[in-house]
């Protein structure tokens, strides 16, 4: 895969060692990460709020969460988790499923709306990447190869693929938990869901810390597979 700033396209962890070895390069990397992260998390949560509104629940809109203002959506722990571990989340959008015109359909649509936004963003970044990459190789635009723009696009692809996969994990407060609850509500004891709602976030943080300590990125292979497919799709379109 192509490299920009010396980072592989699938690398999305913030390299803290870089801060010590090359502070300017670290700041350059941080300048790529923050805007893309804010965009990705904001559209993820906006997708939930918009889907809930379309399914009959105006709760998020009434509370000011159906907005593209990132300050309304950022969760400090989820934001820091992305910087440190490559995984993360935003502040969950408040919804009232009793307002859905069809409960099961609404719950499924709203739960999957966020990851759908991340998939669409990853596709959009991929489509933008291809012509710029060709320009950097065949044209006189060598500034693209080492510029912030290309690094932001590469990071945008990787981050949104990982956010999509990570949010499908069945841990509260991730989207995958709500799908898991919808599918197994009648098959598992209620205490299981009560436990996950109460302690799911702490379990999730513990797992992330463990992965960071042992240097294991649990969805890296699946991420790379999807990235390759997105690149192939973008090449066909471009």
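Among residues of the range 96-123 that are free of Cβ contacts under 8 Å to residues at least 60 places away in the same chain, those with a Cβ under 7 angstrom from a residue that is surrounded by fewer than 17 Cβ atoms within 10 Å (Cβ to Cβ) and outside any helix (DSSP H, G or I), sequence gap 6+ or separate chain, pair up as 99/56; 100/56; 101/56; 106/56. Cβ separations smaller than 7 Å between residues 6+ apart or across chains give the following pairs from the range 199-211 residues that are free of Cβ contacts under 8 Å to residues at least 40 places away in the same chain to residues that are assigned to a helix (DSSP H, G or I) and surrounded by 13 or more Cβ atoms within 10 Å (Cβ to Cβ): 200/177.
Each row is one residue, and each column tells you yes or no for (1) buried (at least 16 other Cβ atoms within 10 Å of the Cβ); (2) within 23 Å of the chain's Cα centre (by Cα); (3) at pLDDT 95 or above.
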| residue | (1), (2), (3) |
| --- | --- |
| 50 | yes, yes, yes |
| 57 | yes, no, yes |
| 99 | no, no, yes |
| 136 | yes, no, no |
| 144 | yes, no, no |
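Within the range 166-195, the set of residues being crowded, with 19+ Cβ neighbours inside 10 Å and assigned to a helix (DSSP H, G or I) comprises 166, 175, 177, 178, 180.
The values are calculated or read from the model by the stated rules, or taken from the named source; none is laboratory data. These numbers were taken from a predicted model, which means no experiment stands behind them. Here Cβ is always computed from backbone atoms with ideal geometry, including for glycine, and neighbour counts include all displayed protein chains.
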